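Enquirer: Dumping the structure here so I can ask a few things about it.
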Amino acid sequence: MNYLYIYVIGALICPVVASQRGYYGIGWVIYSLLLWPLALLHLLVLPKNRAAIERRELDSGEFVRCPHCAEVIKLGAKVCRLCGREVAEELAPARAYREFERRVEEAQEPNISPGP
């Protein structure tokens, strides 16, 4: 019975590790359910999928590309951590647009009051 718990926990860990390394899909879930020790070893040997990780960061709205070196940096950065150049003025329109999007989303959410 203890082996079954270990197997299930291992099979659940593999897809989490895969998503953190930039790999997605039902294939990793099936692979981990069938052979989780091999799947985990495979994930640890594979390089990170940097393109998928960057895409996820950019889609989150918390990150943007530096206008000078094109690397992904936080939206609130004043200086690029990679090239060292100031980006505060160049990122001001992006910050304003993200703030506008956030306010529109808040306005669209229904206000449910608890009543009298």
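The values are calculated or read from the model by the stated rules, or taken from the named source; none is laboratory data. Everything quoted here is computed from the prediction, not taken from an experiment. We place every Cβ from the backbone using ideal geometry, glycine too, and count neighbours over all the protein chains shown.
Enquirer: Which of the following residues is free of Cβ contacts under 8 Å to residues at least 60 places away in the same chain, surrounded by 15 or more Cβ atoms within 10 Å (Cβ to Cβ), more than 30 Å from Tyr3 (Cβ to Cβ) and not aromatic (Phe, Trp, Tyr): Ala52, Ala94?
Expert: Working: Ala52 fails: surrounded by 15 or more Cβ atoms within 10 Å (Cβ to Cβ).
After applying the criteria, what remains is Ala94.
Enquirer: Limited to region 55-76, what total is found for residues that are exposed (fewer than 13 other Cβ atoms within 10 Å of the Cβ) and either under 12 Å from the mean Cα position of the chain (by Cα) or in the same structural domain as Ala11 (by TED's automatic domain parsing) (or both)?
Expert: Qualifying residue count, region 55-76: 3.
Enquirer: List, please: which pairs have Cβ atoms under 6 Å, are six or more places apart or on different chains, and start with a residue in region 61-86 that is farther than 21 Å from Arg50 by Cα and end with one that is among the aliphatic types (A, V, I, L, M) and not in a loop (DSSP other than H, G, I, E, B)?
Expert: Lys78/Ala88; Glu86/Val79
Enquirer: Is it the case, given these coordinates, that Val79 is modelled with pLDDT of 85 or more, surrounded by 15 or more Cβ atoms within 10 Å (Cβ to Cβ) and out of contact with any Cys (no Cβ under 6 Å at 6 or more places or on another chain)?
Expert: No: the conditions fail for Val79.
Yes or no, residue by residue, for (1) among the hydroxyl-bearing types (Ser, Thr, Tyr); (2) in the same structural domain as Glu71 (by TED's automatic domain parsing); (3) modelled with pLDDT of 85 or more; (4) within 27 Å of Val72 (Cα to Cα):
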| residue | (1), (2), (3), (4) |
| --- | --- |
| Ala11 | no, no, no, no |
| Cys14 | no, no, yes, yes |
| Gly25 | no, no, no, yes |
| Tyr31 | yes, no, yes, no |
| Trp36 | no, no, no, no |
| Ala39 | no, no, yes, no |
